[in-house]
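Heads up, the thing below is written out as structure tokens.
Coordinate-derived values only; no laboratory data. Because the structure is a prediction, the values reported are computed rather than measured. Neighbour counts are summed over all protein chains in view; Cβ atoms, including those assigned to glycine, are modelled from backbone coordinates with ideal geometry.
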Amino acid sequence: MEAKAIAKYVRVSFRKIQPIAAMVRGKNVDEALAILKYTPNKGARVFEKVIKSAKANAENNHEMDAEKLYIAEIYANKGPHMKRWNAGSMGRANPILRRTSHVGVVLKEKA
């Protein structure tokens, strides 16, 4: 049995989020939330929110024990770019790519 939660179109580059995912991969849910709480990063807030959502899904929808939950999978994939333009010299336009991510968490119960 597994519980999951996904956040799409998060306004953080996936390169900035991936190291945070590696920090909490395989950890107990409460331990992971404690680590993320003291990580000074915007991506940590995103993962904290998604893990809490997956934990709530596990408790309410799948009747899993919250104490036995651990992070089986955690990922941050590339999302679409938001394309913006900035004024450049001699009447040109310089492109700006606002990168986004898709973040997901899968929780399982320890046997």
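Under the combined filter of DSSP loop state and at most 12 neighbouring Cβ atoms within 10 Å, segment 25-71 retains these GluC sites (Glu not before Pro): Glu63.
Can you give me the relative contact order of the chain as a percent, contacts being Cα pairs under 8 Å and 6 or more apart? Mind showing how you got there, number by number?
Numbers: 211 pairs, mean separation 46.8, N = 111.
Taking the mean separation of contacting Cα pairs over the length of the chain, I get 42 percent.
Maximal additional length on extending the Ser89-Ala111 stretch stands at 1.6 nm, based on 0.36 nm per residue less the C-alpha distance. Couplings 3J(HN,Hα) of segment 14-21, computed from phi: 5, 5, 7, 8, 4, x, 5, 4 Hz, in residue order, whole Hz [Karplus 6.51 cos²θ - 1.76 cosθ + 1.60, θ = phi - 60°; x for Gly and Pro]. Using the Karplus relation 6.51 cos²θ - 1.76 cosθ + 1.60 with θ = phi - 60°, the per-residue 3J(HN,Hα) values for segment 50-57 come to 5, 5, 4, 5, 5, 5, 5, 4 Hz, with x marking Gly and Pro. Placing a label point 7 Å from the Cα of Glu2 along the Cα-to-Cβ line, the residues of segment 32-56 whose backbone N sits under 15 Å from it are 54-55. Among the trypsin sites (Lys or Arg not before Pro) in segment 58-92, those placed in a DSSP loop whose Cβ has at most 11 other Cβ atoms within 10 Å are Arg92. Ranking Ala44, Gly104, Met82 by Cα position along the charge dipole of segment 2-109, where only Lys, Arg, Asp and Glu carry charges on their C-beta atoms, puts Met82 farthest toward the positive end. By the helix-only formula, in which each DSSP H run with n ≥ 4 contributes -39500 (n - 2.57) and the sum is divided by residues, the chain has a 222 nm mean residue ellipticity of -11000 deg cm²/dmol. Taken about its Cα centre, segment 2-109 carries a charge dipole of about 1080 debye when Lys and Arg each add +1 at the Cβ and Asp and Glu each add -1 at the Cβ.
Largest GNM mean-square fluctuation across Leu36, Leu69, Leu97, computed for the chain with C-alpha springs under 10 Å, falls on Leu97.
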